[in-house]
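A short write-up of the structure that comes next.
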Amino acid sequence: MLISPGIDSSPEELEELGFKYIDEGKTKEGLKLILKAAKGYEEKDDKENAARLYRYLGYFLARRVGIEKAKPSLLKSTYLYIDLIEEEISKPEVDIDVLDEYCFRVLEVFAMLNDTRLLTKYASEFAGIYEDLGESYESAEDVTFAIRAYESAFRYYKLAGLEDGARKITEKLISLYGQIAEAKLGEGDIGAAADAFYELARYTRVIFGYDAHFKEMMDTAARNYERASKLAYSEGDLNGTTSYLVKAQYAYLLAGNSGRAKLIGINTVRMLNQVISAHRASGNDKMASEKLMETAEALIGVGKLEEAMGAYKNALELEGGLKHRTRIRLAVAKVYASQKGSEEVLEKVDLVEFHLKKNNLHKAFDIVDGILLEKEELTEARRKILEAEGITEF
């Protein structure tokens, strides 16, 4: 039996009832109510909720009846997001994460519609917006926000195919990360310095490729992660110690120092086993799951995939989630990139890490799972990962 909305029903009430109908299998009636709710939000000038519902309708229709039927709703959501972008950048203080979400929604639709012209046009415009923001933050000596803005500008320039713009931003990022690394070393914050050197290495690769410059910077990151682990150990912080050691292991792998990476990996697994036992004994499932993930990553780094899957499965049993699923695939992709010297894979790894920093978990997962799907040599690793996740796809 259908519950009819009242004449004066609010958009919120229409939306709630619409989704209820869809959950109950009354799809046609539910979609009508969601469309009505979207129009109601629009009339109230609530563009964000209107855009969200039009986007939902577009994606739903694209899956069920094809992209042509979905196009009007998708475009409606897109132009509402463009309005929201204009409103956000006119504010005295711009929320760059909210802005990034709006920009991403716009480009996502043009990519779905295979509209290369508009995708390139808006990616270029968004790159310019973020570059201007980065310069404003840099002038105000807000290095952290300048970096966040420039990193988004870099991604949008790359998406637009504007390599000169991307290179210009890369040089700015190298300079800023260099400042951070130097400052953090001076403060004795070795872990933060190591993170900055890691980022420096990533952007050095953009200019020089997967060569000696990149490897030297990544080796610097690795050595500082090792230093940070020793400091953490001296303070009795075993959680910090093991986290820094896993970072060191992978930085050494990418630097081409597989011998050092293997030695660190083996020793880290032994230490992690003790740490996990302590967390389990105290009932701290969240930390036990995190340390099991680090164990899986360390084991993948030394070529012990079967053992890694055992740790990974145990981690998921304690605390699942898309972040764990992304991290395990990212570890496999990094090992592959280091073994093959693959700049193509490393570029995608960089994109995954960018989305992880932005907490765009679905996008990060899609990209890294795509790496494993594309490379024939990684088919078996992906199958084992799916098996540990309880998924049969083959």
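Measuring nothing but alpha carbons in the range 10-114 and taking Rh as the Kirkwood radius, the Rg to Rh ratio lands at 1.01. This model, with +1 at the C-beta of Lys and Arg and -1 at the C-beta of Asp and Glu, gives the chain a dipole about its Cα centre of some 1420 debye. Label zone of residue 286 (point 7 Å out along Cα→Cβ, amide N under 12 Å): in the range 177-195 this covers no residue at all.
Surface analysis of the chain yields an accessible area of 48 Å² per residue, using protein heavy atoms and a 1.4 Å probe.
May I ask for the percentage of alpha-carbon pairs in the range 265-394 that lie more than 20 Å from each other? Before the final figure, lay out the partial values.
Details: 3660 of 8385 pairs.
When all Cα pairs of the range 265-394 are counted, 44 percent exceed 20 Å.
Computed from backbone phi with θ = phi - 60° and the Karplus coefficients 6.51, -1.76 and 1.60, the 3J(HN,Hα) list for the range 104-112 is 4, 4, 5, 5, 4, 5, 5, 5, 4 Hz; x is used for glycine and proline.
The value of relative contact order for the range 10-114, using C-alpha pairs under 8 Å at least six residues apart, is 18 percent. When the charge dipole of the chain is built from unit charges on Cβ atoms (+1 for Lys and Arg, -1 for Asp and Glu) and taken about the Cα centre, the candidate among 324, 186, 50 whose Cα reaches farthest toward its positive end is 324.
When the Gaussian network model of the chain links Cα atoms closer than 10 Å, the mean-square fluctuations of 214, 154, 104 top out at 104.
Keeping all protein chains in place and using 1.4 angstrom, which order do 23, 132 fall into by accessible surface area, from largest down?
Largest accessible area first, the residues go 23, 132.
Take residue 366, project a point 7 Å from its Cα along the Cβ direction, then tell me which residues of the range 119-133 have their backbone nitrogen under 18 Å from it. It comes to 119-120, 122-123, nothing else. Can you find, among 14, 299, 130, the residue farthest towards the positive end of the dipole of the chain? Put +1 on the C-beta of Lys and Arg, -1 on that of Asp and Glu. Going by the charge dipole, the pick is 299. Taking the Cα centre of the range 10-114 as reference, the dipole from Cβ charges on Lys and Arg (+1) and Asp and Glu (-1) amounts to some 900 debye. For the range 150-193, the Cβ-based charge dipole about the Cα centre amounts to some 200 debye (Lys, Arg positive; Asp, Glu negative; other atoms uncharged). When the chain is treated as a GNM with alpha-carbon contacts under 10 Å, the residue of 109, 332, 65 showing the greatest mean-square fluctuation is 65.
Karplus-based coupling profile of the range 255-260, in residue order and whole Hz: 7, x, 9, 5, x, 5, with θ = phi - 60° in 6.51 cos²θ - 1.76 cosθ + 1.60 and x standing for Gly or Pro. Using a probe of 1.4 Å, the accessible surface attributed to residue 136 totals some 70 Å² when neighbouring protein chains are kept in position. Computed with every protein chain present, the accessible area of residue 247 is close to 90 Å² [probe 1.4 Å]. Along the positive direction of the dipole of the range 10-114 (beta-carbon charges: Lys, Arg +1; Asp, Glu -1; about the Cα centre), which of 79, 61, 98 reaches farthest? With unit charges placed on the Cβ atoms, the residue in question is 61. Summarised in one figure, the compactness ratio Rg/Rh of the chain, Cα atoms and Kirkwood Rh, is 1.01. If you roll a 1.4 angstrom probe over the protein chains with everything in place, what fraction of the accessible area of the chain belongs to carbon and sulfur, to the nearest %? Here carbon and sulfur together make up 50 percent of the probe-accessible area. Could you sort out which of 172/358; 184/340; 247/313; 69/375 sit more than 28 Å apart by Cα distance in this structure? Checking Cα-Cα distances, 184/340; 69/375 exceed 28 Å. Ranked by solvent-accessible area (1.4 Å probe, protein heavy atoms only, all chains present), the residues 362, 324 order from largest to smallest as 362, 324.
Straight-line cross-link partners of residue 76 among the lysines, defined as a Cα under 22 Å from its Cα and at least 8 positions apart when in the same chain: 28, 32, 36, 39, 44, 47, 121.
The values are calculated or read from the model by the stated rules, or taken from the named source; none is laboratory data. None of these values were measured; they are calculated from a predicted model. Quick reminder, even Gly has a Cβ in these numbers, built from the backbone with ideal geometry, and neighbours come from all protein chains shown. For accessibility, only protein heavy atoms count, side chains too; no ligands or nucleic acids. Shrake-Rupley method; radii C 1.70, N 1.55, O 1.52, S 1.80 Å.
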